[in-house]
Amino acid sequence: MTTSSLPHFTFRNGLQVPLLGMGSWAMGDKQNQRKSEIESLQYGLDAGLRVIDTAEMYGNGRSEALVGDALKGRRQKAFLVSKVLPSNASYENTIRACERSLKHLQTDYLDLYLLHWRSAVPLKETVRAFEDLTKRGLIKAWGVSNFDCSDMEELDHVSANCLANQVLYSLEHRGIEYDLISWNAKKNIATMAYSPIGQGADLIQHPTLKAIAAHHETSLGPASAAQIALSWVLRHKNILAIPKAGTLEHQKQNIAALEIQLTEKDLAELERAFPPPTHKVPLAVI
């Protein structure tokens, strides 16, 4: 699959990025994995993936530092996302946190800066910092993470400039389908899905995923249950998926998942195994 053929999502500001991005949670924590993790991120960028997501919380800056090393000579290929901790969400501390993240990442701007989750700090104060960071050119745009509909409605009364909302979404966690996905879409706010393949082995060991995988092939060979789970999220044309891939092989497998076309039968089986929400449920967070 070539860069030009990758399915893309268009942000409200007109910028296009591939529907598949790259997460970095827990990257940089183990020195003996550092080379492999950098190789994985660089391969993804060179293959046409643009979005790299990180946060100051991940390893207390170790993830950002690793991403910064991976971006050397490739910064213009990346759509770089980081997040400020709620404990740093006051006006002054948001500014300091952003400047600190930029140093870790060895760059002079972020493409997108998110509030990691709600805090006791009034949203208008954090948004004021985001807007000033935008004016200074330190960030191109801002958004939020782990915000449910009520949070988004409150934010909408503060500012209409939120570009994205990053939330947990996978076959295991479909609660946002009840109202949040449509709310974001109505406001032209991008939904970013973190952990789209789940955490641990529970999801990818599910017999339904394994059975569906047995009927699909990719350019790398037989499909895996993880690729089916990722393909299911990627079929949404208004959601950006940001799975982590700590090795080159894992990155290649994630990219190959873009080749999978789930059939109506596949989707029906997944609906039975992982039913969609029939009522409002609390926003899932990990």
Which residue out of Ala213, Ala229 is under 23 Å from Asp266 (Cα atoms), surrounded by 20 or more Cβ atoms within 10 Å (Cβ to Cβ) and in contact with a Leu (Cβ under 7 Å, 6 or more places away or on another chain)?
Ala229
Picking from Gly73, Gly59, which residue would you name as being under 18 Å from the mean Cα position of the chain (by Cα) and at positive phi?
Gly59
Consider Lys237 carefully, then state whether it is within 26 Å of Gly143 (Cα to Cα) and either at pLDDT below 95 or of a type in the set (Asp, Glu) (or both).
yes
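Only one of Ser150, Ser159 is more than 20 Å from the chain's Cα centre (by Cα), modelled with pLDDT of 95 or more and closer than 28 Å to Gly198 by Cα; which?
Ser150
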Out of the stretch 239-252, which residues are within 17 Å of the chain's Cα centre (by Cα) and part of a helix (DSSP H, G or I)?
His250, Gln251
Residue tally, condition touching a residue at least 60 places away in the same chain (Cβ under 8 Å) and among the hydrophobic types (A, V, I, L, M, F, W, C), over the stretch 257-276:
5
Restricting the stretch 226-266 to residues that are out of contact with any helix residue (DSSP H, G or I) (no Cβ under 6 Å at 6 or more places or on another chain) and among the charged types (D, E, K, R), the residue that is nearest to Gln199 (Cα to Cα):
Lys244
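Is it true that some residue in the stretch 84-91 is aromatic (Phe, Trp, Tyr), in contact with a Lys or Arg (Cβ under 8 Å, 6 or more places away or on another chain) and at pLDDT 95 or above?
Checked the stretch 84-91: at least one residue is aromatic (Phe, Trp, Tyr), in contact with a Lys or Arg (Cβ under 8 Å, 6 or more places away or on another chain) and at pLDDT 95 or above.
The values are calculated or read from the model by the stated rules, or taken from the named source; none is laboratory data. It should be emphasised that the depicted structure is a prediction, and the values quoted were computed from it without experimental measurement. When we count neighbours, we look across all protein chains shown, and the Cβ atoms used for this are built from the backbone with ideal geometry, even at glycine.
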